[in-house]
1. Within 12 Å of the chain's Cα centre (by Cα), in the same structural domain as N59 (by TED's automatic domain parsing) and at negative phi: does that describe C110?
2. Could you tell me which of the residues M129, M79 is of a type outside the set (S, T, N, Q) and crowded, with 23+ Cβ neighbours inside 10 Å?
3. Being over 29 Å from L162 (Cα atoms) and either modelled with pLDDT of 50 or more or surrounded by 14 or more Cβ atoms within 10 Å (Cβ to Cβ) (or both), is that true of even one residue in the stretch 42-58?
4. Within the stretch 93-109, track down each residue that is buried (at least 23 other Cβ atoms within 10 Å of the Cβ) and in contact with a Leu (Cβ under 8 Å, 6 or more places away or on another chain).
Amino acid sequence: MFAEVLICSKGIEFNDLSSLRVCVGRLVEKGDYFFSHEMFAVFWKGGAMHVVVVMPTYNESGNIGEMIDTLVEQVFPSMEGTYFSLLIVDDNSPDGTGRVVALKAKQYNCVFLSTGEKKGLGYAVCRGMSYAMETLHADAVVEMDADFQHSPDSLKALVFALQAGADCVVGSRYVSGAGASLQWPKGRRWLSRIGNRIGAPLTGGSGVGDITSGFRITRVSGVLDCINLDRIMAKAWYAYKIHLLYEVCQCTNRVVEVPIVFMPRRCNQSKFNPVEIFKTLEVLWRIYRIYGYGH
């Protein structure tokens, strides 16, 4: 409605959504509009599925500019029938990550920045998911890293699987055609496999083998919007991913995996803390103890 009022007030006539979008695009290019960045995202998607990529960052100034350019200029345009927004959730990085993103948001209408206190990865992701659903009105939400360990090209496989009927698609390192980078320490790979083996029954009939993957896409309606994100365990740690996936699997059994290769970081050092191992085991134990074994 706001777009219709805007166009009519400018004396421009339109007959369908396509011509309306062209008119709005021209006004945006000239800076002749009065609606917010977020309102533009909600309108511009038209009838397409709106996918919001939630990307948490902390001290990623060396990666984030290239990642944004790659997604917006190469990956997003390659997928028809889908409108993308990219939401960077930055925890006030001291290295200027937020400033880089703010400049990119002026360059690209589909890029958004949410800043907040540094409390941990899970807090940032859940904050971003809430923003994606409540402000950007996402139809589906992607969790993705900013450091190129999740290849931007792999996003296509996740989206296609969701369009094919899945409610949640996990980018898996442990299915045929996938794998962790050889530069990943052997000890960490071993611990990851053991943790996934122990926790796999929590996904019930879905049979997900990579429950600690941080590269996923989840449908909002009937799945993500049914989950109380405030109650997700261990949000200060990577282990939040396990409880979040468990909650997804309580909402739907249409959870599938697609193969990805977990790449080495482009810049900076890994933020992995050995304490994560114990937090993962703690979350697994609490879920088994509180909720039971599987569905």
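The values are calculated or read from the model by the stated rules, or taken from the named source; none is laboratory data. All of these numbers come straight from a predicted model, not from anything done at the bench. Every residue, glycine among them, receives a Cβ derived from its backbone with ideal geometry; neighbour counts consider all protein chains shown.
1. Numbers: within 12 Å of the chain's Cα centre (by Cα): no; in the same structural domain as N59 (by TED's automatic domain parsing): yes; at negative phi: yes.
No; evaluated as a whole, the condition is false for this residue.
2. Numbers: M79 fails: crowded, with 23+ Cβ neighbours inside 10 Å.
Exactly one of M129, M79 is of a type outside the set (S, T, N, Q) and crowded, with 23+ Cβ neighbours inside 10 Å, namely M129.
3. First, pick out the residues of the stretch 42-58 that are over 29 Å from L162 (Cα atoms): none.
Looking through the stretch 42-58, none of the residues is over 29 Å from L162 (Cα atoms) and either modelled with pLDDT of 50 or more or surrounded by 14 or more Cβ atoms within 10 Å (Cβ to Cβ) (or both).
4. The answer is V101, and nothing else.
Okay, residues lined up against (1) more than 21 Å from I242 (Cα to Cα); (2) at pLDDT below 95:
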position	(1), (2)
M39	yes, yes
F76	yes, no
D95	yes, no
S130	no, no
